[in-house]
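Since the structure comes first, as structure tokens, the remarks are kept for the end.
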Amino acid sequence: MSHSMISDALTFPITQATIDHALRLARTQPPETAERAYRNAIAVLTAQDYCTLLGFETDLSQSNALQPIVCLTGDIADLPLPNIGTIECRLVDLEKNQAQYDVPLEATVDKAAYLAIALQPDTNLAQILGFSPTLRSGHLILDQLQSLDDFGSYLISLREAKVPVPTRIMQWFEDGFERGWQAAQAIAETIATEVDLATSSPELAFRSAESTTTPPDLRRATKTIQFEPGGGVTLQIDLNSSSPDVLSVEVAILPLTPTEELPDGLQCAILDLDGHSVMQVEANAGDRLQLEFDVDLGDTFSIRLTLGEVSVTELLTA
């Protein structure tokens, strides 16, 4: 590793809390994995302090490196950053003067970046050397690490890439519907056909389509929400903009076909801009869930549908 790269490294304190945490983890391990678990924990916890200093949220509870059972078989030093990804925090030995560092295969799965860290002998100090967004043939090339000056902006770019673009529902009154959404009349025609086939009654089919025709001051759009192959619901949103500054919203969750019912336990929640639930309803062998509320023009909110362990969230702005 070049002298310039070492001189550009950030010297960072290893806190006593970090050392104590790593020691507790090491005591859960047999002799053959204790040192590895200790070193990986030091790397993760030091990186956690560094990322927190930069202003990024971390989630140690989801780190495999701090799970005793995982440490028995895996050489992983992962630090999850919510809404960004997981970074791998690898301790490298500068005394070996290696040009590259081998990253274990299990530590290369779904990583947003690799952070290289070295320990200063006989001190409670670490050198954070730099980072790499990717590996080359499973290796960290130490002389090609990117500067820590760019680390914060790199994480921000990852976070921004994960931020969903809200659907602008006021545009439904002017420009039509975004991809994935469609006017309810198209769905009505499909349902009418299905009802016709199911009942062999053209008159019933006609009434079904007619009843869903929207008045001029209302916009109604639908979207199919899939939870798993073969299972899903229809999300329907009615908008009424009769007030100049307030938009009336009606959210309905419907089965995909008229002959079905909503699955038991399906939950629909309305979330505010900060992700807090402001209203919620749950299905119980019914054919419809419905929520009504008003939003000011320009407000952003979400509709979250949850079935079992699966959640789907639609971000919307008025």
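Some observations on this one:
- Dipole magnitude of region 3-162, debye to nearest 20 (Cβ charges: Lys/Arg +1, Asp/Glu -1, about Cα centre): 200
- Given (1) 1.04; (2) 1.14; (3) 0.97, the label whose value is Rg/Rh (Cα atoms, Kirkwood Rh) derived from this model: (2)
- Theoretical gain in end-to-end length, S137 to H276 [0.36 nm per residue, Cα-Cα removed]: 45.7 nm
- Multiplying the residue separation of Q120 and V70 by 0.36 nm and subtracting their alpha-carbon distance yields 15.3 nm.
- Percent of alpha-carbon pairs separated by more than 23 Å within region 3-162: 32
- The protection proxy used here, the mean number of other Cβ atoms lying within 10 Å of each residue, ranks peptides 303-316, 40-53, 93-106 as follows, highest first: 40-53, 303-316, 93-106.
- Cross-link partners of K223 among aspartates and glutamates (Cα-Cα below 13 Å; sequence separation of 8 or more within a chain): E178, D238, E314
- With the cut-off at under 16 Å, measuring from each backbone N in region 242-267 to a point 7 Å along the Cα-to-Cβ line of Q290 picks out 248-255, 262.
Every read-out reported here was derived from the displayed coordinates using simple, explicitly stated rules and does not represent laboratory data. Computed from a predicted structure; not experimentally measured. Cβ sites come from the backbone with ideal geometry, for glycine too, and all protein chains shown count toward neighbours.
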